[in-house]
Amino acid sequence: MVDLYGQYRKIKTEVDSAMQSVVDKASFINGGVVSEFADALAEYTSSNFVIPSANGTESLQLALMSLQLSPGDEVITVPFTFVSTVEVIALLGLKPVFVDVSPDTFNMDVTKVEAAITDRTKVILPVHLYGQCVDMESLLRIARRHNLFVVEDACQSLGARITFADGSVHQAGTMGDVGCTSFFPSKNLGCFGDGGAVFTNNETLAARIRSMANHGMSEKYYYEHVGINSRLDSLQAAVLIAKLPHLDEYIRSRQAAARFYDERLSDCDGIHIPAKTTFSTHTYHQYTLRVDPKLRDELRAKLAEKEIPTMVYYPCPLHLQAAYQNLQYKKGDFPFAEFLSKSVLSLPMHTELTDEQLQYITDTIRSIIL
Ligand SMILES: *Cc1c(COP(=O)(O)O)cnc(C)c1O
């Protein structure tokens, strides 16, 4: 599904020397390279403040912690996402409230949000799934109207850009009150372990998040907040600072592979190529087909026989998971999330795919389907 070694090989010298310099200085925690990377990422995203964290999950946790919510406050999000999005809401004693996704974009159906708002609602948490942004302009309007915070889960979509009606261009993770991303190795900008970052344009929130990520510390051994230990370590920051200048080129490689897939698969019966919105670029963290549920698992098995890996992100929506039964949702509550869990199929997608590989994958799919 990914070729992390192939990607590393191309920039080995830059990455190795950045890592070696951390080792030489032995500044493994909060080394200068961490703030250097945060500055570079702030510049890349045009976000006023970037706070590095230990992973995407804790970025989401820190974002919610910084809003000073009360137990039982409601967070509107989607059931069709990676578990982290919902896990952190539950861990903080908040209540996840789901709205369904669009079957075309796989993202939050923003037209369903207002009906889910109650007097306990405090936050809307959209997930920019697979590399494409939620309709943030409409969502921000709703949030403003109801005085709600917006926390963006941009763990799969760093580098995706939205154009608003006034022509302004915004990056995934930088439009809400707080945005979150992950540097898990297979993400669009991946490190060599776990890593994450939080974005905000709000100075007060930035200071609170920075402190909360470091045990809630204000000055050394004095604690202003109940915090956690969620730091990006210096070695990971070194990898990331070497890789960030290549992010746009990585995204372009993914987009080129997606175009190849689109062209070769758009006429296959029973298969829908990923829909593109008019407002957002697509960074193709995943290239995800919607396949007729009657065909999907068989197609997947036949591709596996030809040594073509595929993945199902995600096979069971969160409202039907054992861990979240206390939310008292039932089958049928979110029909599109349920339908997609039986329809989605992600093909190999990374920066090192060759035309030969793409040709082999698409020829094989065509020979099975047609
Ligand atoms: C990867 C991911 C996360 C969590 O990131 P980690 O760094 O693995 O903790 C959260 N939300 C979404 C949508 C993700 O894809």
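Before moving on, here are some points about what is shown:
- Any hit, the stretch 204-226, residues being within 26 Å of Y130 (Cβ to Cβ) and part of a loop (DSSP other than H, G, I, E, B): no
- Selection from the stretch 187-220 of residues that are more than 16 Å from the ligand (Cβ to nearest atom) and among the polar types (S, T, N, Q): T200, N201, N202, T204, S211, N214, S218
- Selection count, the stretch 137-166, where residues are surrounded by fewer than 24 Cβ atoms within 10 Å (Cβ to Cβ), within 20 Å of the chain's Cα centre (by Cα) and of a type outside the set (S, T, Y): 8
- Any hit, the stretch 269-277, residues being surrounded by 20 or more Cβ atoms within 10 Å (Cβ to Cβ) and assigned to a loop (DSSP other than H, G, I, E, B): yes
- Flag: R366 matches the condition of being within 15 Å of C268 (Cβ to Cβ) and surrounded by fewer than 15 Cβ atoms within 10 Å (Cβ to Cβ).
- Matching residues in the stretch 138-157 - criterion: being away from the ligand (no atom under 16 Å from the Cβ), within 15 Å of G179 (Cα to Cα) and out of contact with any strand residue (DSSP E or B) (no Cβ under 6 Å at 6 or more places or on another chain): L139, L140
- Filter pass, L41 being within 14 Å of the ligand (Cβ to nearest atom), under 30 Å from L235 (Cβ atoms) and either outside any loop (DSSP other than H, G, I, E, B) or among the charged types (D, E, K, R) (or both): no
- Within the option set T85, T81, T105, being surrounded by fewer than 24 Cβ atoms within 10 Å (Cβ to Cβ) and not in a strand (DSSP E or B) holds for one residue only, T105.
- Residue within the stretch 249-257 that is within 30 Å of L295 (Cβ to Cβ), surrounded by 17 or more Cβ atoms within 10 Å (Cβ to Cβ) and among the hydrophobic types (A, V, I, L, M, F, W, C) present: yes
- Criterion (buried (at least 19 other Cβ atoms within 10 Å of the Cβ) and either in contact (Cβ under 8 Å) with a residue 40 or more places away in the chain or not in a helix (DSSP H, G or I) (or both)) met by exactly one of S21, S47, S27: S47
- For the stretch 108-134, filtering for residues that are among the aliphatic types (A, V, I, L, M), buried (at least 20 other Cβ atoms within 10 Å of the Cβ) and assigned to a loop (DSSP other than H, G, I, E, B) leaves 2.
We did not get these values from a lab; they are worked out from the coordinates using the rules stated. Being a predicted model, the structure only gives us computed values, none of them experimental. Backbone-built Cβ (ideal geometry, glycine too); neighbour counts: all protein chains shown.
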